[in-house]
Structures are given as C-alpha cells and as structure tokens.
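Q: Quick one: the structure is below, questions incoming.
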Amino acid sequence: MSKKDNKDRRELTRMMHLGRAPEEYFGIVNPPISRTSTILFPSLADYEDKDRKFRYARMGNPLSDKFECAVAEIENGYAAISTPSGLTSISTTLLAFLKTGDHLLISDSLYPPARSFCENILARFGVEVEYYDPLIGAGIAEKIKDNTAVIYMESPGSATFEIQDVPAITKVAKAHNIITVADNSWAAGILFKPLNHGVDISLQSATKYIGGHSDINLGVAVARTPELYTRLKKSALDIGVCAGAEDLYLALRGLRTLHLRLQQCARNAMIVAEWLQTCEEVQRIYFPALPGDSNHALWKRDFSGTNGVLSFLLRPASKARVSAFVNGLELFPVGSSWGGYESLLQPQYLNTCRTAVPWVQDGALLRLQIGLEDPQDLIDDLSQAFTKFNQET
Ligand SMILES: *Cc1c(COP(=O)(O)O)cnc(C)c1O
C-alpha cells in the first residue's frame, strides 16, 4: 500500500511535516541552515540545463524552497516566494502586477509603511493610487476604472481590525479581470485562507506570528496559480530580493508551534479584552472576536479564530495622563510589531494616515500585543497603570 500524502491529513498534523525532508539530510529533523551564495555545477551541460532547481542562492536554495513550499501548502496556493521582510513581500508583489498608468485600489486600513511605498515609489512611477473604505465590500464595483489593475486588501486592517468582505471583493475583481492581493499577516496563514476565497496573492510578514519570537524579519507571498507565480517570481528575481538563511530556518521552526502560540495568545487576549470592557478609562475596544465588535459577524463567517492583537481607545485625557499610563506599565514596553511571545504596546496615530475614512476619534488609540504571559498578571499591570492615569492631571 502507498503511504498517505501529508496533504490528506488534518492541518495540525500537516504542520509538523511540511517543509521537511529528513531523507535529504541524513535523517536530521529540521532542514539545516544552508549558508551559501554559489552553487557549483559539475559540467557545462549541467550549467546549461535550464531545469536545474538551484543555480544561485538568491534565486532559490534548499532552505528557501522548504519554507516557501510549507507556506504555499498552508495557504492552499501553488507556490510562494520568500523575501527579507514583510514589506518587501508587499513591494515585490505590487511591482509584479502594476505598470505605469495603472490604477491601484488599496484599503485605507493598510499597514502604514506599505502606504508609504505606494505613495512614494509606485506613484513616482505613474501608478494611480486610490484608497477605499475597508468596509466597502461589493461596493468596490463603483471604484473600478478601465485601468484598475490590482485591488489590495488587508483584513483585518492594521490598528483598527476592520474585517473586509473578501469574497464579495474578489467576485467583483474576477468579473473585471483584476488581480487581488491580501495581506494575511494577522491570520498567520492559519486563521483565514484568502486563496480559498478567490484572492490571487496572499502575502504576510513572517516576522510576526510565524517567527513568533521577535528575532527575525521575513516575508512570504503565495500565488494561487502557476501563471501568477511566474509573474511573482520574475519580480523577485528582477528586484533581487532573497531571504536570509537564519531567518528562513527560524521561520520553519516557528511553524511547528504556530497553532499552539496562536491559541494561547487568543485565549489571553480574550481575557484581557473582556476585562478592558469593564474599565471606565476605556472608550472603545477594537477586537473582532469580541461579540460586541462591529466586525464580529464577518469575522465569525470567514475566520477560524483570533490572534492576540487588540487596540483600545482611552477616554479623552491630557498627554500627561496618557504618558502616566503608558510609562506606568511594566509588562507592556512600547515597541513596534506583534506576534512575539511577549506583550507590547504601540501607540497609533491614525489621523496622519487615514484618508478615505478620516480618523475622527478623540482619545489616544493604543494597540496591545498580548503575549504568552499569565493573563492575570497582564490585567494587574494594566490596572495599576490605570491608577497612575487617574492620579495624573
Ligand atoms: C509588520 C507588518 C508588515 C511588514 O512586515 P516587516 O517584516 O516588518 O517588513 C506587513 N503587513 C502587516 C499587516 C504588518 O503588521
């Protein structure tokens, strides 16, 4: 009898086996770090053989191949590229599918540095960049022009976690032959599968949950079909992006505990979010998994779970009070990023980066990355910092 294919097993089991090949490495469990640039050819005929899998490390090597195959399998795609950061997975993808004169539609809740790439680089090369309301859904049809080439989504959106109606948007895009791209960092490839909903390219910052330990920068973009992959890979080759060996190794290792870490962060974040709901210092919480969140219904329809990132709006207060709160926290240092094992806080300044739906809320917006600590300690810490907030004037 032939052996069962890993693809026919359940996801938790598949996660332990994908991107591995002990038989290629003397039985070693994890594919070793292949530190290389040059790859040698035994003969001229081998060098001229265009079908050789690995020619030069930047173009693809055993370790990048393992990681890319693993994430492509997780996201139900055809194949993937890996890049040295999440942001380069975005830039490489957009450069693959856009040219001068094209119109690009982007969700207003986009990760702000990606916004900067579109406004500074793409616009300079003559791409017309337009933002749309992340809650637009099928209404995207009204934004489409003759030259619309790409619709870019990020669901949930950065900082405020708007859930986009991805199936409704891809349906409109397909009718107009428009490429769709989704930033799937929040879901880590696990909690949501954009390609199953018709998205063409699903990309993510593997820096976040896949890495999971705040010690790598890495990106990955998965193409739905061979044709899309050819264009994506060509862009990566022409630009010259390639991921570092250590980062690829750590990312592959991160995949083995990804579900476990996501589950624990989700549980902790829900406990903290429910407690924040009882705090009079908090005006509003942004966390789609909370039944009261305005995005809860769509989240429930399309997502299989939540991660551990949430934002909340402090009630309007002096800068001194906000500082007393933020500086008073002991378990939430201020820092960018999320998806690591440790909790963090990052202030958000949306009045400087939302244009389709201008930010009008009063009060400081703070994003929490809830880590793997005991949630009661996190609550105790937030509670004592709220006391400092209230004592300040
Ligand atoms: C962090 C982040 C990125 C960029 O990832 P880097 O690895 O820091 O370049 C892209 N998209 C989203 C949604 C992110 O949160």
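The values are calculated or read from the model by the stated rules, or taken from the named source; none is laboratory data. Not measured: the values here are computed from a predicted model. Because the Cβ atoms are built from the backbone with ideal geometry, glycine has one as well, and the counts that use them run over all protein chains shown. The protein model used for the area step is the full one, side chains on, heavy atoms only, and it has no ligands, DNA or RNA in it. Shrake-Rupley method; radii C 1.70, N 1.55, O 1.52, S 1.80 Å.
Q: Please report Rg (one decimal) and Dmax (integer) in Å for the Cα set of the chain.
A: Gyration radius and largest Cα-Cα distance of the chain: 21.9, 77 Å.
Q: Of the beta bridges DSSP finds with both residues in segment 255-393, what % are antiparallel, to the nearest 5?
A: Beta bridges within segment 255-393, antiparallel portion: roughly 95 percent.
Q: For n ≥ 4 DSSP H runs only, could you compute -39500 (n - 2.57) per run for the chain, divide by its residues and tell me the 222 nm figure to the nearest 500?
A: Computed mean residue ellipticity for the chain: -10000 deg cm²/dmol.
Q: Expressed as a whole number of Å, what is the distance separating the alpha-carbon centroids of segment 271-291 and segment 177-238?
A: If we compute the Cα centre of each part, the gap is 30 Å.
Q: Structure shown: which of LYS66/LYS300; LYS145/LYS300; LYS145/LYS174 lie over 22 Å apart, alpha-carbon to alpha-carbon?
A: Long pairs (Cα-Cα over 22 Å): LYS66/LYS300; LYS145/LYS300.
Q: Sort LYS145, LYS171, LYS3, LYS300 by heavy-atom solvent-accessible area, probe 1.4 angstrom, most to least.
A: Descending order: LYS3, LYS171, LYS300, LYS145.
Q: Next up: Read phi for every residue in segment 330-346 and hand back ³J(HN,Hα) as whole Hz from Karplus 6.51 cos²θ - 1.76 cosθ + 1.60, θ = phi - 60°, with x for Gly and Pro.
A: 9, 9, 10, x, 6, x, 6, 6, 6, x, x, 7, 10, 6, 8, 10, 9
Q: Same structure again: Using a 1.4 Å probe on the protein heavy atoms, what percent of the accessible area of the chain belongs to carbon and sulfur?
A: Carbon and sulfur atoms account for 53 percent of the accessible area of the chain.
Q: In whole angstrom, note down how far apart the Cα centers of segment 79-108 and segment 17-50 are.
A: Cα centres, segment 79-108 to segment 17-50: 29 Å.
Q: In Å², what does the accessible area per residue of the chain work out to with a 1.4 Å probe?
A: In whole numbers, the chain has 45 Å² accessible per residue.
Q: Give me log10 I(q)/I(0) at q = 0.15, 0.19 Å⁻¹ for segment 259-391, Debye formula, one equal scatterer per alpha-carbon, no solvent.
A: -0.72, -1.15
Q: Next up: Distance between Cα centroids, segment 248-262 to segment 320-349: provide it in whole Å.
A: 25 Å
Q: Using the Karplus equation 6.51 cos²θ - 1.76 cosθ + 1.60 (θ = phi - 60°), what ³J(HN,Hα) coupling, rounded to whole Hz, does each residue of segment 53-70 give in order, writing x for Gly and Pro?
A: 5, 10, 10, 7, 4, 4, 7, x, 8, x, 6, 5, 4, 5, 5, 5, 5, 4
Q: Where does each of ILE144, ILE121 land when they are ordered by accessible area, with a 1.4 Å probe and the largest first?
A: Descending accessible area places them as ILE121, ILE144.
Q: Hey, what do the phi angles of segment 269-285 turn into as Karplus ³J(HN,Hα) couplings, whole Hz, using 6.51/-1.76/1.60 and θ = phi - 60°, x for Gly and Pro?
A: Going residue by residue, I get 5, 5, 5, 5, 4, 5, 5, 4, 4, 8, 8, 6, 6, 9, 7, 7, 10 Hz, with x marking Gly and Pro.
Q: Might you work out the accessible area of HIS213 for me, using a 1.4 Å probe with all protein chains in place, and round it to the nearest 10 Å²?
A: 80 Å²
Q: Highest mean first, what order results for 338-349, 6-17, 198-209, 309-320 on Cβ atoms within 10 Å?
A: 198-209, 338-349, 309-320, 6-17
Q: Same structure, new question: Taking every DSSP beta bridge with both residues inside the chain, roughly what % is antiparallel (nearest 5)?
A: Taking every DSSP beta bridge within the chain, about 60 percent pair in antiparallel fashion.
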